[in-house]
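In what follows, a structure is listed as C-alpha cells, so that the remarks can point back to it.
The values are calculated or read from the model by the stated rules, or taken from the named source; none is laboratory data. None of the values given here were measured: they were computed from a predicted structure. Neighbour counts are summed over all protein chains in view; Cβ atoms, including those assigned to glycine, are modelled from backbone coordinates with ideal geometry.
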Amino acid sequence: MSNTGLRLVILYADVCGSTRLYEKYGDLMARADIHVCLDLLSVVAKKHEGKKIKTIGDEVMCSFHRPDKAAEAAVEMHQALREAGEEKRFQTGELHIKIGWHYGSVAYRKDDIIGEAPMLAQQVINMARRDETLSTRRSIDELPPGIKCTARFIDRIEAVDGSGDMDVYALPWDDDDREATVMSGISCEITSGRVHSALFLRYRDQQIEMNADRSHCHIGRGEDNDLVVQGLFTSRHHAEIYYRHGRFHLSDMSTNGTGVIHTGDDYVRLHREEKTLNGSGTICFGGEPGTDPEAAVRYECVGAGEESMCPA
C-alpha cells in the first residue's frame, strides 16, 4: 500500500436499467450500446482532466484531482448521453446513467484504489437514481460558490467508513433543474415521519408493488418504462417513483407536469419537482383526473407490518 496521503475525487457512473436492456434486446445489442456509453463517459472524464480507472460491467470508475472538474464532468456526462440518444447513436434507444462521487483520501493496493474516496463514492451512487448526480457535503464544500449553491440536500446517512453521519446532496445538470434549485436555495430538511414498507400502483390491468428490493419505477408512455401510461398529455419518460430510507418519493420529469391527489386533500401539481407520497390517492400524468381520466394511477402506501387494504 502506498500514497496514503493522496486525496482524489472518485466518481462512479452507472448505466441505469441495463438488466432490462439485456432482456429486451439481447446480449449482443445491449453490450454494444453499453460499451459505446462507457467509452463516451471516459472521453468526457478525460476532457475535464479526469482519468478512467476501470470499467466494472455497466459502470465506469474515474478519478479527478479537483472536485470542480468532477462536478463539471458529471454535468457533461448526462448531457452527452442525452445528445447521443437524440442522435440515435444507441441501437436500444436512449440510455441514462446515475453518478456518485466523493473527494477524499485514497491509497493504492497494487493496481487497485482503496480508501475513503472510493468507499463513500460507492455508497453515494447506491443511493442515486436515474439521471441523478449525488455527492457528499464534504465534497460539495470544496466546490466554487457558483456550483455549491446549486446543491440540494437529499438525506443524512451513516458513512460506511465509520466516520459518522454523512450528508448527501444532489447536483443538477439540466438547466431547468439548476434554475429551480438556485431559486429555492439549499434545503436542509431531513426526511422524517412514518416509515413505509411497500407502495402499490394500479393502472388499468397493470399492478406494481414497490419495496426496498424494487426501489424504482419509471413511468411514461414509452414502452421501456416500468409502468406504461397511455395518456393524452403523458410524456415518453414522464416521472419516477423511488424508495429512499423508508419513504416513497414521486419525481416529475415531464413537460406537462404531474398531479397528486392524496385522499382527503387538494390537488397538488408538480413540475420538475418532487413530493413524498403518503396514504393513498391518485397520481395524474399531464393533468387533473377530469382532464385526462386515462392517465390516472391509483397508489397506496403501506406501513411496516400493515397489509394493503385495496383489492388486487
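For Tyr25, the criteria (1) at pLDDT 95 or above; (2) surrounded by 16 or more Cβ atoms within 10 Å (Cβ to Cβ); (3) not polar (S, T, N, Q) hold in every case but one, which is (1). Of everything in segment 203-242 that is among the acidic types (Asp, Glu) and closer than 22 Å to Arg156 by Cα, the residue that is modelled with the lowest pLDDT is Asp213.
Table: residues versus (1) in a loop (DSSP other than H, G, I, E, B); (2) in contact with a Gly (Cβ under 8 Å, 6 or more places away or on another chain); (3) among the acidic types (Asp, Glu); (4) at pLDDT 90 or above.
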| residue | (1), (2), (3), (4) |
| --- | --- |
| Val124 | no, yes, no, yes |
| Phe153 | no, no, no, no |
| Val168 | no, no, no, yes |
| Val182 | no, no, no, no |
| Ile186 | yes, no, no, no |
| Leu201 | no, no, no, yes |
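Sort through Ser163, Ser135 and tell me the only one that's hydroxyl-bearing (Ser, Thr, Tyr) and within 29 Å of Ser18 (Cα to Cα). Answer to the check: Ser135. Restrict the check to segment 22-31 and report whether at least one residue is outside any helix (DSSP H, G or I), in contact (Cβ under 8 Å) with a residue 12 or more places away in the chain and touching a Ser or Thr at 6+ places or on another chain (Cβ under 8 Å). Within segment 22-31, not a single residue is outside any helix (DSSP H, G or I), in contact (Cβ under 8 Å) with a residue 12 or more places away in the chain and touching a Ser or Thr at 6+ places or on another chain (Cβ under 8 Å).
Here Cys62 qualifies as assigned to a strand (DSSP E or B), among the hydrophobic types (A, V, I, L, M, F, W, C) and crowded, with 16+ Cβ neighbours inside 10 Å.
Looking only at residues of segment 83-115 that are assigned to a helix (DSSP H, G or I) and modelled with pLDDT of 95 or more, we find that the one that is surrounded by the fewest Cβ atoms within 10 Å (Cβ to Cβ) is Glu83. Consider segment 37-57 and keep the residues that are at pLDDT 95 or above and assigned to a loop (DSSP other than H, G, I, E, B). The one that is surrounded by the fewest Cβ atoms within 10 Å (Cβ to Cβ) is Glu49.
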